[in-house]
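S.K.: The structure follows.
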Amino acid sequence: MVISFQPLRGVRVLSLALNLPGPAALMRCKAMGAACVKLEPPAPTGAPAGASGDPMSQYNPAAYADLHAGVRLVRADLKTDKGQATLHRELAKADVLLTSFRPSALTKLKLEWKTLHRQHPQLNQIAIVGGPGERADEPGHDLTYLADNGLVTGLELPPTLYADMGGALMASEAVLQAVLAQRAKPGAKGRLIEVALSEAARWAALPRHWGLTLPGSPVGGAHAGYQVYRCKDGRVAVAALEPHFAKALCAVAGVAIDSPRALMAPATREAIGHWIAQQTRRTLDKLAVQHDIPLHTMR
C-alpha cells in the first residue's frame, strides 16, 4: 500500500497494539510516510519459530507480515524493568504512541495518560478502546460491536471485520489530527485521543439507522437495479441505481418500465432476475462494458 502524498513523513509512531485494529492503523500511518516502530511482547512458550507475542503472528502469519511490512519490530516485556526501559527509550523519540489496551491494563503498565504526559509532554497518544468513555474497559470484539449497532441480521458472521478496520481508519485519522494540531501550534503539548471500536461500528451503521439499507428501501433490496442475482454460472452484483444506469439495464434485459417507480416493483425484479438467470458471467461482463452498466460477476 503506497500513498503518493505522505503527510506523515518525518513523524515517528510507536505502537504497542496487537491483533488487528492497531496494526492496521499503523499500516496506514506507514503508507502516509510515518516512521513506524512496534514493541511486541516475547513469543509465548511453544509458539512457532519466528512468531512474536502478537497473536496474529501465530494464527495468521501472512496477515501479520502484510500488516508489519516496513515496521521496525522490537521485543520487550513491559512487565519487566528492562522492558520498561526499552519502552521509554522509544517513547523519548516518538511523536505518537498507538495503544489498544483497556485503560485498566495501561494503568498496570504505568502508561495511564497522566503519568505518560508528565514523562513525555510532547507525546500524543491514540488509544484504541472498545467503547467510549466509561465503556472503554468493557470486553468486546468486532462481532459484538456490530451486533450492538444492528449490523448482524442473521446467524451468519459478517464477511469482514468492519468495526476493526473502520476503527483502524479512525485511529490513523486521529494520528493526523494530533500531528496537524501540533504543526499549527509549534511547541504544543501532546494530547490523548480515544478511538472506540463501538463508535466505528456506529459510524458504519449510520446508513442503516437512516433507513437507507433497511428492507424495502432502494439499497435494501427493493430496487430492481440494486441487487445480487443468480446467473447461469454464478452470481452478479448489479448496482444500476441511477436512472441512466437502470434504463440501460432494463433495455438490455428487455424489461419495459413506464416510470422510475416501476424499478421498485417486485415484477420488475422478477423479470430482470429471470433474464439474468439465463446469462453467463462472461456474457454479462461483455454487456456491462458495451452498455455502461455497473455490475460485477462472481462465482
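S.K.: Scanning the stretch 91-106 for residues that are under 24 Å from the mean Cα position of the chain (by Cα) and either touching a residue at least 60 places away in the same chain (Cβ under 8 Å) or not in a helix (DSSP H, G or I) (or both), which turns out nearest to Asp137 (Cα to Cα)?
M.R.: Applying the filter and picking the extreme gives Arg102.
To keep it simple, each residue is scored yes or no on (1) of a type outside the set (Val, Ile, Thr); (2) surrounded by fewer than 14 Cβ atoms within 10 Å (Cβ to Cβ); (3) in contact with an Asp or Glu (Cβ under 7 Å, 6 or more places away or on another chain); (4) not in a loop (DSSP other than H, G, I, E, B).
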| position | (1), (2), (3), (4) |
| --- | --- |
| Pro23 | yes, no, no, yes |
| Cys29 | yes, no, no, yes |
| Ala43 | yes, no, no, no |
| Pro48 | yes, yes, no, no |
| Gly83 | yes, no, yes, yes |
| Thr86 | no, no, no, yes |
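S.K.: Which residue is farthest from the chain's Cα centre (by Cα), if the candidates are limited to the stretch 70-90 and must be more than 24 Å from Leu197 (Cα to Cα) and of a type in the set (A, V, I, L, M)?
M.R.: Here the residue is Ala85.
Residues checked against (1) among the aromatic types (Phe, Trp, Tyr); (2) under 20 Å from Ala265 (Cα atoms); (3) free of Cβ contacts under 8 Å to residues at least 24 places away in the same chain:
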| residue | (1), (2), (3) |
| --- | --- |
| Arg191 | no, no, no |
| Ser198 | no, no, no |
| Arg202 | no, no, no |
| Ala205 | no, no, no |
| Gly220 | no, yes, yes |
| Arg235 | no, no, no |
| Ala239 | no, yes, no |
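S.K.: Which one of the conditions (1) farther than 22 Å from Ala25 by Cα; (2) touching an Asp or Glu at 6+ places or on another chain (Cβ under 9 Å) does Ala127 fail to meet, given that it meets all the rest?
M.R.: Just one mismatch for Ala127, condition (1).
S.K.: Please state which of the following conditions Pro55 fails to meet, knowing it meets all the rest: (1) surrounded by fewer than 16 Cβ atoms within 10 Å (Cβ to Cβ); (2) over 30 Å from Gly133 (Cα atoms); (3) within 21 Å of the chain's Cα centre (by Cα); (4) not aliphatic (A, V, I, L, M).
M.R.: Every condition holds for Pro55 apart from (2).
Just so you know, all these numbers are worked out from the coordinates, no wet-lab data involved. Note that the structure is predicted; figures quoted are calculated from it, not measured. All Cβ positions, glycine included, derive from the backbone under ideal geometry; neighbour counts span all protein chains shown.
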